[in-house]
Amino acid sequence: MTRQTLEVLAVASEIFPLVKTGGLADVVGALPAALGRQGVAVTTLVPGYPPVLAALDRSGAALVLPDLFGGPATVLSGAVAGLDLLVLSASHLYERPGNPYLGPDGRDWPDNAIRFAALAAVGASIGRGAIRSYRPAILHAHDWQAGLTAAYLAYGGPRPPASVMTVHNLAFQGQFPASLLPRLGLPDDAFRFDGIEHHGMIGYLKAGLQLSSHVTTVSPTYADEIRTVEGGMGLDGLLRYRSDAVSGILNGIDTRVWNPASDPLIAAPYKASSLNGKPANKAALQERLGLSVMPDAPLFGVISRLSWQKGLDLLPAALPRLIAGGAQMVLLGAGEPELETAFTTLADAHPGTVACTIGYDETLAHQIQAGSDFLIVPSRFEPCGLTQLCALRYGTIPVVSKVGGLADTVADGRTGIVFDAVNEAGLAAALDRAIALHHTPRAFKALVRCGMAQDVSWDAPAKAYANLYRALAGRAQH
Ligand code: ADP
Ligand code: GLC
């Protein structure tokens, strides 16, 4: 049976491999290929940041907008790295160096409200047919930066196409002063409790949660957590109200990019059926980072944004135990300055045993996954988490807290070590278990093999998204 191709326009503020600050980019970059195999054609609308424009194999302007929030803009269509893109080129909004959200002072750009309103407004107008011969059945908005898409659809006329809002992280909500309303091009009437208003302000994510046809988040457990007072970050009431339209679809990882059998970034390839290459990766990592090259020392890796969410402030207190247990630790991360300093200081105090790299380094991330015995992810909350999925694939045992997607993807004692209490004692006990496990090679290998056998690909999640899209498209037609 041949299925009809379904057209989906994704709207997102980052996309791997062009612009990435976190897992959002990985998801937006990997999902289209997996959906393609499900008969869903995804085109992604992204802002024309300098690296995106530089990479674009331009096939011309699909849309010309003489005045988009104070300046001219064009929508360019093209393909990069197998991704079908619509790029919103607007020099007054996006052609700035560095991080997509932050200025050189490390603070949010003062006009972020306008920059991302523009993205959403253009997404919605394309959804309504602004580009001739392109009429997506579904608009899929990711995170607060795309949150207003559903608002522009809802207030832009009758019979809008169906929309999906995916929450990658409820902690980032895009709240802006109500005084902005006249500039957004939305009717005054949109500023109401069942519209874009949120605690007296304009809530971009809130608007998306309220006005989209369906809301997804990136794991079933996080979908439950965000409907509780403890995990709902002020939006649990709305999410409970919309419960029938809320679901969790677990993330996957790109198993071509993350494949220890063919990864060009690691020292030696290996696979579950022949793990002989793994020790060479450990030795190469120890050498690269100036650790003592000790094959038998349990090696713990961390690859993370350094923020409260990730619980890494709990790690320094546990480190003396790790060191006493003969272990080593490597950390790659960037974020809160206090945490950066804390880990740099620890590395200085324990040369040969602790290594800390501050910054963003895709290659080193692969090498840590390949070379470590364990990966520590002690998050306070975690919508899904991708590093533990990479760890499973690389035969590196995840040590994770029992929250969100970590709870959904790591099975305690079978594929990893999962701990309940996200505090120093809870983490310390989990690390003790890890060291004990390392001393029992048979049990250790059993977990490694079981983890490597887990399906962490996008296949099952893509099927779930495709089913959702088809259900929504079908409903919109009736
Ligand atoms: P989040 O999106 O909350 O930061 P995820 O686990 O979903 O967490 O995704 C993080 C992604 O970013 C993963 O692909 C991870 O490998 C990568 N990553 C995080 N920090 C770094 C870093 N310092 N260098 C390289 N990659 C990193
Ligand atoms: C967010 C979340 C993370 C998730 C990622 C991709 O950044 O913090 O848990 O994996 O988005 O969905």
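Quick notes
- Residues of segment 310-332 that turn out to be small (Gly, Ala, Ser) and farther than 17 Å from Ser401 by Cβ, as a count: 4
- So Pro260, is it within 22 Å of the chain's Cα centre (by Cα), modelled with pLDDT of 95 or more and away from ligand 2 (no atom under 16 Å from the Cβ): yes
- Restricting segment 15-28 to residues that are within 11 Å of ligand 2 (Cβ to nearest atom) and under 24 Å from Ala137 (Cβ atoms), the residue that is surrounded by the fewest Cβ atoms within 10 Å (Cβ to Cβ): Leu24
- Test for Leu239: is it in the same structural domain as Thr21 (by TED's automatic domain parsing), more than 22 Å from Leu386 (Cα to Cα) and surrounded by 22 or more Cβ atoms within 10 Å (Cβ to Cβ): yes
Here's the yes/no breakdown for (1) touching a residue at least 60 places away in the same chain (Cβ under 8 Å); (2) touching a Phe, Trp or Tyr at 6+ places or on another chain (Cβ under 7 Å); (3) in a helix (DSSP H, G or I):
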position: His92; (1), (2), (3): no, no, yes
position: Pro104; (1), (2), (3): no, no, no
position: Val122; (1), (2), (3): yes, no, yes
position: Ala130; (1), (2), (3): yes, no, no
position: Gln145; (1), (2), (3): yes, yes, yes
position: Leu153; (1), (2), (3): no, no, yes
position: Pro158; (1), (2), (3): no, no, no
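- Test: residue in segment 414-426 that is of a type outside the set (Phe, Trp, Tyr), under 17 Å from Cys390 (Cα atoms) and surrounded by fewer than 15 Cβ atoms within 10 Å (Cβ to Cβ): yes
- Within segment 286-303, not a single residue is aromatic (Phe, Trp, Tyr) and part of a loop (DSSP other than H, G, I, E, B).
- Checking Ser219, Ser212, Ser304 one by one, the residue that is hydroxyl-bearing (Ser, Thr, Tyr) and not assigned by TED's automatic domain parsing to the domain that holds Ala466 is Ser304 and no other.
- Positions within segment 29-38 being within 15 Å of ligand 2 (Cβ to nearest atom) and over 15 Å from the mean Cα position of the chain (by Cα), in sequence order: Ala34
- Reported count of residues in segment 17-75, each being part of a loop (DSSP other than H, G, I, E, B) and within 16 Å of ligand 1 (Cβ to nearest atom), is 5.
- Test: Ile253 is modelled with pLDDT of 95 or more, part of a strand (DSSP E or B), within 16 Å of ligand 2 (Cβ to nearest atom) and touching a helix residue (DSSP H, G or I) at 6+ places or on another chain (Cβ under 8 Å): no
- Selection within segment 50-88 - in contact with a Ser or Thr (Cβ under 6 Å, 6 or more places away or on another chain) and either over 19 Å from Val28 (Cα atoms) or loosely packed, with under 13 Cβ neighbours inside 10 Å (or both): Ser59, Ala61, Ala62, Val64, Thr74
- Applying the condition of being among the polar types (S, T, N, Q) and out of contact with any Phe, Trp or Tyr (no Cβ under 8 Å at 6 or more places or on another chain) to segment 347-375 and asking which residue is farthest from ligand 2 (Cβ to nearest atom) yields Thr353.
- Considering segment 376-395, the residues that are under 18 Å from Trp308 (Cα atoms) and among the charged types (D, E, K, R) include one that is farthest from ligand 2 (Cβ to nearest atom), namely Arg380.
- Applying a threshold of 6 Å to beta carbon distances and a minimum spacing of six or more residues, or different chains, the list of pairs starting in segment 172-196 at a residue that is in the same structural domain as Gln145 (by TED's automatic domain parsing) and ending at one that is of a type in the set (Phe, Trp, Tyr) and not in a loop (DSSP other than H, G, I, E, B) reads Phe172/Trp144; Gln173/Trp144; Gly174/Trp144; Gly174/Tyr204.
- Residue in segment 1-14 that is surrounded by the fewest Cβ atoms within 10 Å (Cβ to Cβ), counting only those that are within 20 Å of the chain's Cα centre (by Cα) and away from ligand 2 (no atom under 16 Å from the Cβ): Val8
- Any hit, segment 429-439, residues being away from ligand 2 (no atom under 13 Å from the Cβ), more than 25 Å from Pro316 (Cα to Cα) and touching a helix residue (DSSP H, G or I) at 6+ places or on another chain (Cβ under 8 Å): no
The values are calculated or read from the model by the stated rules, or taken from the named source; none is laboratory data. Everything numeric in this text was worked out from a predicted model, so none of it was measured. When we count neighbours, we look across all protein chains shown, and the Cβ atoms used for this are built from the backbone with ideal geometry, even at glycine.
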